[in-house]
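Presented below is the structure to which this report refers.
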């Protein structure tokens with residue numbers, strides 16, 4: 001469970017902290033028997049209660065999307081190293097001289113223990129990386145020099161781990177050694193038996209933290225994400241779960257059908273790593289599995305009834321943008337709920353009807369669905385969510401920007417005199433919380 005995200009010197013952001021703690025003091029009466037999830041309990045301590053949802057609002061160009069983009073870059077570096085980060089995605093604050101490094105820190109709880117992972121990077125290298133457990137360092141690296149005493153075990157001393165770090169994470173550029181891969185990712189791949197703590201953190205950050213720069217997630221990708229394996233029965237189960245949820249949204253579709261054709265990949269091979277792929281069809285997805293020498297062509301069909309009551313088949317891309325977006329989102333959301341992960345997504349409300357949007361978001365507040373302490377962090381413009389009484393003041397944040405501070409964020413619970421029985425929507429649109437375009441402020 002995420003408790004805090006700190007971002008420094010990234011695009012319009014100088015120094016911003018996204019807080020996910022439940023900041024409303026005493027727990028409301030009846031919270032244990034309520035069907036609505038008011039907070040998550042990271043530990044038995046009241047101060048470690050966290051919110052299941054953070055709804056981020058703000059004017060256009062205030063820096064909301066930069067929060068999501070910074071986390072996307074963080075994930076990319078963690079998974080693939082600094083070289084995988086496209087130059088266009090590396091951008092420090094251009095309006096002030098804050099140096100050439102971006103800093104990211106994530107605070108989170110796993111198995112009732114508090115972890116902090118810190119990453120500082122420039123265009124070509126990682127300058128600092130460290131991991132703390134309950135405020136004690138497990139490892140720390142700065143400018144290529146590491147201290148691994150917190151994780152050394154018999155057979156892998158601090159010096160052994162230093163050498164392993166140098167081999168797996170360092171590269172030479174212009175005669176200078178630079179860190180290009182994260183130690184966390186490298187060591188958990190190379191030495192999976194070294195540390196349970198590192199494995200736990202690595203799995204959470206790499207598998208349970210899902211960052212999307214928009215809400216249009218491909219339907220086929222969503223099915224694959226939700227499926228436990230690539231076996232046909234697991235894919236069908238995932239598809240059925242998504243289809244069942246879509247029907248509950250009362251979208252005008254009788255049913256969905258998933259068709260899949262498998263063929264030998266070698267039939268399509270031109271030469272090594274080059275294939276003659278079948279003609280492109282928006283309604284079909286193509287997956288190549290080199291290990292099994294298979295090519296998988298899949299298609300999702302929807303069925304409507306015509307004026308005579310007979311079913312007519314459509315390709316998914318013949319459906320509305322909103323229907324396609326809902327299909328892709330549902331699979332990703334269910335996956336995050338299953339794993340107890342965190343979904344971080346920009347423009348969640350784009351092309352979605354308010355009632356559909358509310359239904360999708362509510363599953364993170366529903367105890368029946370959210371049994372594993374999953375969280376949703378989303379950027380929105382739809383103000384109807386501010387008027388939905390299932391959300392509390394700890395779950396709304398507003399982004400503003402000025403030259404002095406860059407992009408900064410303030411939670412609704414930080415404003416004086418706020419009560420949960422207030423009409424947050426009207427007060428926001430009247431400029432009382434800022435985060436709206438200047439002519440209306």
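Worth pointing out:
- Filtered residues of the range 93-106 (kept if over 21 Å from residue 83 (Cα atoms) and assigned to a strand (DSSP E or B)): 106
- Enumeration of residues in the range 12-28 that are surrounded by 20 or more Cβ atoms within 10 Å (Cβ to Cβ), touching a helix residue (DSSP H, G or I) at 6+ places or on another chain (Cβ under 7 Å) and not in a strand (DSSP E or B): 12, 22
- Residue 31 being in a strand (DSSP E or B) and either on the phi < 0 side of the Ramachandran plot or without any contact (Cβ under 8 Å) to a residue 40 or more places away in the chain (or both): no
- Residue in the range 283-291 that is farther than 23 Å from residue 218 by Cα, assigned by TED's automatic domain parsing to the domain that holds residue 313, exposed (fewer than 11 other Cβ atoms within 10 Å of the Cβ) and without any contact (Cβ under 8 Å) to a residue 12 or more places away in the chain present: yes
- Residue 250 being surrounded by fewer than 15 Cβ atoms within 10 Å (Cβ to Cβ) and in a loop (DSSP other than H, G, I, E, B): yes
- Selection count where residues are part of a loop (DSSP other than H, G, I, E, B) and touching a helix residue (DSSP H, G or I) at 6+ places or on another chain (Cβ under 9 Å), scope the range 382-429: 11
- Criterion (touching a helix residue (DSSP H, G or I) at 6+ places or on another chain (Cβ under 6 Å), surrounded by fewer than 18 Cβ atoms within 10 Å (Cβ to Cβ) and either touching a residue at least 12 places away in the same chain (Cβ under 8 Å) or over 30 Å from residue 139 (Cα atoms) (or both)) met by exactly one of 232, 216, 237: 216
- Residues that are surrounded by fewer than 15 Cβ atoms within 10 Å (Cβ to Cβ) and farther than 24 Å from residue 24 by Cα, drawn from the range 41-71: 60, 61
- Test: residue in the range 356-363 that is without any contact (Cβ under 8 Å) to a residue 60 or more places away in the chain, part of a loop (DSSP other than H, G, I, E, B) and buried (at least 17 other Cβ atoms within 10 Å of the Cβ): yes
- Scoring residue 38 on the criteria (1) more than 30 Å from residue 100 (Cα to Cα); (2) surrounded by fewer than 20 Cβ atoms within 10 Å (Cβ to Cβ); (3) more than 20 Å from the chain's Cα centre (by Cα) leaves a single failure, condition (2).
- The set of residues in the range 107-160 being in contact with a strand residue (DSSP E or B) (Cβ under 9 Å, 6 or more places away or on another chain), farther than 14 Å from residue 200 by Cβ and part of a loop (DSSP other than H, G, I, E, B) consists of 122, 124, 125, 135, 143, 144, 148, 149, 150.
- Entry remark, the range 211-234: residues being part of a helix (DSSP H, G or I) and closer than 15 Å to residue 301 by Cα number 3 in total.
- The residue pairs whose first member lies in the range 7-28 and is on the phi > 0 side of the Ramachandran plot and in the same structural domain as residue 419 (by TED's automatic domain parsing), whose second member is surrounded by fewer than 17 Cβ atoms within 10 Å (Cβ to Cβ) and outside any loop (DSSP other than H, G, I, E, B), and whose beta carbons are closer than 9 Å, counting only pairs six or more residues apart or on different chains, are 9/15; 25/46.
The values are calculated or read from the model by the stated rules, or taken from the named source; none is laboratory data. Since we're looking at a predicted model, the values are computed, not measured. When we count neighbours, we look across all protein chains shown, and the Cβ atoms used for this are built from the backbone with ideal geometry, even at glycine.
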